[in-house]
Amino acid sequence: MDAEAARERLRRWRLVLGGDPADGTGHVLCGRDAAMDGALTALYGRGGAPRAGRDRAAGLGASAPAVARWLGDIRTYFPSPVVQVMQRDAIDRLGLATLLLEPEMLQAVEADVHLVGTLLSLNEAMPDTTRETARAVVRKVVEDLEKRLVTRTRATLSGALDRSARTARPRPHDIDWNRTIGANLKHYLPEYRTVVPERLVGYGRASRSVRKDIVLCVDQSGSMAASLVYASVFGAVLASMRSIDTRLVVFDTAVADLTDQLDDPVDVLFGTRLGGGTDINRALAYCQSRITRPADTVVVLISDLYEGGIREEMLKRVAAMRVAGVRFVTLLALSDEGTPAYDREHAAALAALGAPAFACTPDLFPEVMAAAIEGRPLPIPDAG
């Protein structure tokens, strides 16, 4: 058993170190292990990262058929999360982004949020022959995200809306009998086997109409690609709820209102333009101009806060919205990767205005929105 364990350790170290004569293992790979090693060598090579455009590691090069075969290999030998990491590394290290413009490549890749971001950045250069395949890839990712996020988001926000609209003087048709009975159990009369409802719980007539306005203001600079994908999915979920009036605004140095496309997140994503500069002040000016019910409005700014516009004006707008009664939420990212690089000075200035900036995972987003709707403290994750 000790000898077998030693061989397994050598095997693993050999796969990690890549077979350079100096690796010291002396272990020879064969069969499946050799194929795995070949797939790793094609991407990571030996002796450091290859330079984009030349000295590429054996096996990939700027050839779509070769890359397609390699993609098939890594999906055979590695689990899906590892495949996605290797795909991202291949795009970054080997300059293979342009090969994603070929349909056979897109059909071979393991689709994830980061791949969608890459495709969106290539949108304007994408040939017509590839566009439908790219949309199919993006739609698959979006549908997977919806399956993961929709049910919990609707349930969480519906509960928050109900609680925020609760009244102690409901009209007869608006009484919530389950909560009313629960609130009056101490008034149970055993001789009559009934509860005397001294306190009614229910909802006003506003419960049948829009109760909250939510504005998602999303930075579409290249570093925010994953956040943009998640924001489009959440925007579509929010727009599907009758009690919420949702607006989606994306911006770089220009501002685009994509609210009329919220019924299809894929249309939203292909309506964006990743890259370019950032003018948060201009975007907030547009959002501010569309607010008609400040006390019932939540504005969610999703940005790394690297402002290319007028900083003082941006902060004045946030302060004005806060004074008017708007609940302002600043998310440095809406993704699974944690806190990105961001402008700490701007984040501190927003926090001083009562709009703390923090990174948010997609799983936490419903709780953040529920707290904002109810006026509770935001569930800000620990900085660590």
Checklist entry - Among the residues of the stretch 260-270, which ones are without any contact (Cβ under 8 Å) to a residue 24 or more places away in the chain and either more than 26 Å from residue 149 (Cβ to Cβ) or buried (at least 17 other Cβ atoms within 10 Å of the Cβ) (or both)? => result 261
Checklist outcome for this item: Only one of (1) basic (Lys, Arg); (2) modelled with pLDDT under 90; (3) open to solvent by less than 30 Å² (accessible area, probe 1.4 Å) does not apply to residue 212, and that is (2)
Next on the checklist: Please pick out the residue among 381, 377, 340 that is of a type outside the set (D, E, K, R) and either open to solvent by 70 Å² or more (accessible area, probe 1.4 Å) or touching a helix residue (DSSP H, G or I) at 6+ places or on another chain (Cβ under 6 Å) (or both).
Outcome noted: 377
Checklist entry - How many of the residues making up the stretch 109-134 are farther than 22 Å from residue 362 by Cβ and touching a residue at least 60 places away in the same chain (Cβ under 8 Å)? => result 2
Next on the checklist: List the residue pairs whose Cβ atoms are under 7 Å apart, where the first residue sits in the stretch 25-42 and is open to solvent by less than 30 Å² (accessible area, probe 1.4 Å), the second is aliphatic (A, V, I, L, M) and not in a helix (DSSP H, G or I), and the two are 6 or more positions apart or on different chains.
Outcome noted: 37/29; 41/57; 41/58; 42/57; 42/58; 42/60
Next on the checklist: Tell me whether the stretch 5-18 contains one or more residues that are at pLDDT 75 or above, open to solvent by 30 Å² or more (accessible area, probe 1.4 Å) and of a type in the set (Gly, Ala, Ser).
Outcome noted: yes
Checklist entry - Within the stretch 281-322, how many residues turn out to be open to solvent by 40 Å² or more (accessible area, probe 1.4 Å) and either assigned to a helix (DSSP H, G or I) or over 19 Å from residue 212 (Cα atoms) (or both)? => result 17
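The values are calculated or read from the model by the stated rules, or taken from the named source; none is laboratory data. All of these numbers come straight from a predicted model, not from anything done at the bench. With ideal geometry, Cβ positions are generated from the backbone for all residues, glycine too; neighbour counts draw on all protein chains shown. Accessible surface areas use protein heavy atoms only, side chains included; no ligands, DNA or RNA. Shrake-Rupley method; radii C 1.70, N 1.55, O 1.52, S 1.80 Å.
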